[in-house]
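Let me begin by presenting the structure, written as structure tokens, before commenting on it.
The values are calculated or read from the model by the stated rules, or taken from the named source; none is laboratory data. What you see is a predicted model, and the numbers here were worked out from it, not measured in a lab. As a convention, Cβ positions derive from the backbone with ideal geometry for all residues, glycine included, and neighbour counts pool all protein chains shown. In case anyone asks, the SASA skips ligands and DNA or RNA and just uses the protein heavy atoms, side chains included. Shrake-Rupley method; radii C 1.70, N 1.55, O 1.52, S 1.80 Å.
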Amino acid sequence: RCLLKMVKENIVVPEEILSFCCNGLQGSTSPPRAREPGEEVPGAMANPSPARNPTEVQMSQLVLPCHTNHRGELSTGQLLKWIDTAACLSAERHAGCPCVTASMDDIYFEHTISVGQVVNIKAKVNRAFNSSMEVGIQVSYEDLCSGKHCSICKAYATFVAQGPAGCKVKLKPLTPQTEEEKIEHSIAAERRRMRLVHKDTLKDLLTSSPSETELETRDGSVAVPAEKTRVESVELVLPPHANHQGNTFGGQIMAWMENVATIAASRLCHAHPTLRAIEMFHFRGPSQVGDRLVLKAIVNNSFKNSMEVGVCAEAYGQEMSVSRRHINSAFMTFVVLDEEGRPRTLPMVAPEPGDGERRYREASARKKIRLDRKYVVSCKQTEVPLSVPWDQSNKVYLSYNNVSALKTLVAKANWALAREKEKVRMYTLEEDKFLSFRIEMSVCITSSRAFALLSDLRRRHEWDRHYASAELVQQVDDDDMIYHVVSQTLSHENKPQDFVILASRRKPCSKGDPYVVAFRSVTLPTHPASAGFTRGETLCSGFCIWPESEEMSKVAYYNQATPGYLNYVTTNVAGLSSNFCATFEACEKFLLKNKEDLIVRL
């Protein structure tokens, strides 16, 4: 019995015990063989498997005909139910109490899944805030015959923990272990910030756009009245539709919404559309068993190769006199594929006057926001220019990209100590095409004061001899500024360099987080490259400041070296120059000199 218990608990069983037990089962009473001095015990040096994240949930589902549409492909509604189930189970593992879906970020579906293939879903909590937590979900499919694996989508869901009588529960903090978990944990705070300003971003974009609705024209295409695509359907919430708390399962609501949205899209194109993306959405309230859910859908706008369908879910009980409760609204993007899998050109939509025209304009604004989020937020650094165009409408996503790139660099695990001079330590990180460096030291200053001093580039020249001047070009908001920086360093063209830099600063989201000041290059129409300067670029750089005590802080500067800066970096790493150390020592003197004179405005 002891042996079986050890095996079940994955405990390595020494050979002598195993041999003794086996001999005993065979009727032998021979004692175990004595080992020679220094002889290794087999299995004693075996490396234990890495600890698994306690919140991680894995789900594998075989796609059966009952899960598919008319094309034999997995219904997106069914996939959404599985995604929500896995994410909820992960959230409840961490919270230790019931959790409800609060929101879901954009989901982009890269491939379809066929009958007989296996859907693999992995969900785990990235970060816990006060009463809410972010759950990351990865979905892939597996072909059992060929062994092929392919990614389907990646999603982020927010769940809220609920105690007795629906009261919110304060969550315990989550401690990330692996490099990947540390990166996701750090960037989760930025994603949360972006969710909170999502409505304001849409409002600002609509305010800056023309109020008149301009209909697109296409050769040979007749506009279809949007009213012809309208769908309304009602569903009765039964016990199988509810979760273990008695509330309507969030995944079930999403599946019903996807169903009516597909019908609306089909009425426009008279074909079978494919769902490509779901816009970020929020659940506004719960519904229970016995509720009637009214689902409404209409095509808001039709672009050349895609269309946006708006869906609304409302709930009411048996009493019709009671007003309906708004449960959720979502916006789904559909395409129609030809036989070769290419998107077909779609008919135009003629919106209804009033609300229809408003939805038409909002759909265009959401398309721009989706493109910004997809190609600015999730882009790979090696696939985009170093300097990205600055636009007021995409400021949230450029700021997110700026801070998350620095946080990703900070969370890397393979930093190696390259040089150490007195209190200054220099580390390097070699990755593929990039060489990054980090310089850090401890300074007798509060972290909030160091943060305020180092985030103002107009004072950088006081301690960094490479800076000649820095002009504040645009105060975007309290946390983001754009500077025009002139450098003392001459380029290979024997001209001084200049930069247009977005500076994004963040205060700690929770205990243990650093103060962050991130820099990256942007392009501004008001400040084009001029003949008197060589326009330089910075990809990812900035400061992280951690409090070590009430009066001590660890200040670290990070930089992902660009080609024009690489020679200068390698010279310092190799010990042929001490410019970095001298500059950071000057930074320490600057902080100490100004720590008492600064009036912190945070």
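Does the stretch 137-158 contain any residue that is of a type outside the set (A, V, I, L, M) and farther than 29 Å from P65 by Cα?
Yes, because at least one residue in the stretch 137-158 is of a type outside the set (A, V, I, L, M) and farther than 29 Å from P65 by Cα.
For the stretch 97-118, indicate whether the set of residues that are open to solvent by 50 Å² or more (accessible area, probe 1.4 Å) and modelled with pLDDT of 95 or more is non-empty.
Checked against the condition, which is being open to solvent by 50 Å² or more (accessible area, probe 1.4 Å) and modelled with pLDDT of 95 or more, the stretch 97-118 yields no hits at all.
Can you list residue pairs whose Cβ atoms sit under 6 Å apart, with the first residue in the stretch 335-347 being farther than 15 Å from M307 by Cα and assigned to a loop (DSSP other than H, G, I, E, B) and the second being open to solvent by 60 Å² or more (accessible area, probe 1.4 Å) and at pLDDT 90 or above? Count only pairs 6 or more apart in sequence or on different chains.
These pairs meet every condition: D338/R344.
Considering only the stretch 138-149, I want to know if a residue exists there that is closer than 29 Å to D513 by Cβ and modelled with pLDDT of 95 or more.
yes
Which of the residues spanning the stretch 154-168 are without any contact (Cβ under 8 Å) to a residue 60 or more places away in the chain, surrounded by fewer than 20 Cβ atoms within 10 Å (Cβ to Cβ) and part of a strand (DSSP E or B)?
K154, K168
Which condition from (1) part of a helix (DSSP H, G or I); (2) open to solvent by 20 Å² or more (accessible area, probe 1.4 Å); (3) among the hydroxyl-bearing types (S, T, Y) is the one that S323 breaks?
Status for S323: all satisfied but (1).
If I filter the stretch 278-298 for residues that are more than 18 Å from A363 (Cα to Cα), in contact (Cβ under 8 Å) with a residue 40 or more places away in the chain, of a type in the set (V, I, T) and open to solvent by less than 30 Å² (accessible area, probe 1.4 Å), do I get at least one hit?
Yes - at least one qualifying residue is present in the stretch 278-298.
Is the stretch 233-255 home to any residue that is of a type in the set (A, V, I, L, M), more than 17 Å from T76 (Cα to Cα) and open to solvent by less than 30 Å² (accessible area, probe 1.4 Å)?
Checked against the condition, which is being of a type in the set (A, V, I, L, M), more than 17 Å from T76 (Cα to Cα) and open to solvent by less than 30 Å² (accessible area, probe 1.4 Å), the stretch 233-255 yields at least one hit.
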